[in-house]
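A.B. asks: I'd like to ask some things about the structure below.
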């Protein structure tokens, strides 16, 4: 069964698959302005670092199309304003900043002197980013599939599949490619509290793709590993620092600690666009904190005492020393990460 496209540009607007409604209902939100895209990102109607980046790229085109800027200088200033605005929607995923700034730069290079020309240049770049993301996902799958032996039992966390990208995913692309090669992987799906992206999204996606998958509570991972029922942990990432520290959905760090304690490889799958050399280590990665109600009253159903407080970081940071390898669109990357990541990104010379 086909997995619906995460985003579709049609008739001058961006249709985003509303992931807050899954798995109960498949519906799209129409975004006609940069403000619509900003709101959809903030509400998690579109989520996953690569998908957020592609959505932001199209948001740039929408924002510029509604502008009344005249003259090359005014157009460049307006592109910078829309980019900065979109980047305020969520702070952790670096792909958002990368995509918005790439479109801003493309508009500047185009020499556009009016809003219509600027929007056309932005749209061309957004479409290029979307095409590239599909290719990156396929390349990640090819790079990672050899890591999974026949019948491999893989534990994953959150959603790093087609719903999180414009293509087949990052972590799940590896699983899809392994299945295509006849290796019959089986997946343990962490429910991923508090918003249950594993239960709602990853399990739905895997079952539609015909991949054997079993849902487990987050706190069952240690028991699974101790019982010898996990061969690898495979997750995505929202930002990877220059030293290899990786931010991903809250709970990922705990899985990495458990994997190390049980001698299980821990892999992070991400495109090169998720690596951020401007962030030296995980301590510098901004961690988004979301509403307390997502913990105390998930789905609008209260299960905590009235007046209870909650801490709700959306992400945590896994230290580089707990990561066995990164799986990227340019191949696999191994320690020492401070050197291998710079080589991956084609950076030479002294560290800045």
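A.B. asks: Of the numbered conditions (1) modelled with pLDDT of 95 or more; (2) at negative phi, residue 331 satisfies every one except a single condition; which is it?
C.D. replies: (2)
A.B. asks: Which of the following residues is surrounded by 21 or more Cβ atoms within 10 Å (Cβ to Cβ), within 28 Å of residue 249 (Cβ to Cβ) and touching a helix residue (DSSP H, G or I) at 6+ places or on another chain (Cβ under 7 Å): 107, 103?
C.D. replies: Working: 107 fails: within 28 Å of residue 249 (Cβ to Cβ).
Checking each option against the conditions leaves just 103.
A.B. asks: Give the residues of segment 169-203 that are touching a strand residue (DSSP E or B) at 6+ places or on another chain (Cβ under 7 Å) and in a loop (DSSP other than H, G, I, E, B), sorted by residue number.
C.D. replies: Correct list: 170, 185, 191, 192.
A.B. asks: Let me ask another. May I ask you to say which residue of 258, 206 is within 18 Å of residue 141 (Cβ to Cβ), at pLDDT 95 or above and in a helix (DSSP H, G or I)?
C.D. replies: Values: 258 fails: within 18 Å of residue 141 (Cβ to Cβ).
Unique residue meeting the criteria: 206.
A.B. asks: Quick one: in segment 42-58, which of the residues that are in a helix (DSSP H, G or I) and under 21 Å from residue 11 (Cβ atoms) is farthest from the chain's Cα centre (by Cα)? Spell out how you get there, then give the answer.
C.D. replies: First pass over segment 42-58, keeping only residues in a helix (DSSP H, G or I): 42, 49-58.
In the following step, the residues that additionally are under 21 Å from residue 11 (Cβ atoms) were identified as 51, 54-58.
Working: 51: 6, 54: 11, 55: 12, 56: 13, 57: 15, 58: 17 Å.
So, considering only residues that are in a helix (DSSP H, G or I) and under 21 Å from residue 11 (Cβ atoms), the one farthest from the chain's Cα centre (by Cα) is 58.
A.B. asks: Starting from segment 291-308, take each residue that is over 19 Å from residue 197 (Cβ atoms) and list its partners that are in a loop (DSSP other than H, G, I, E, B), counting only C-beta distances under 8 angstrom and pairs at least six apart or across chains.
C.D. replies: Close Cβ pairs satisfying both conditions: 304/297; 304/310.
The values are calculated or read from the model by the stated rules, or taken from the named source; none is laboratory data. Predicted model only: the values in this text are computed from it and were never measured. When we count neighbours, we look across all protein chains shown, and the Cβ atoms used for this are built from the backbone with ideal geometry, even at glycine.
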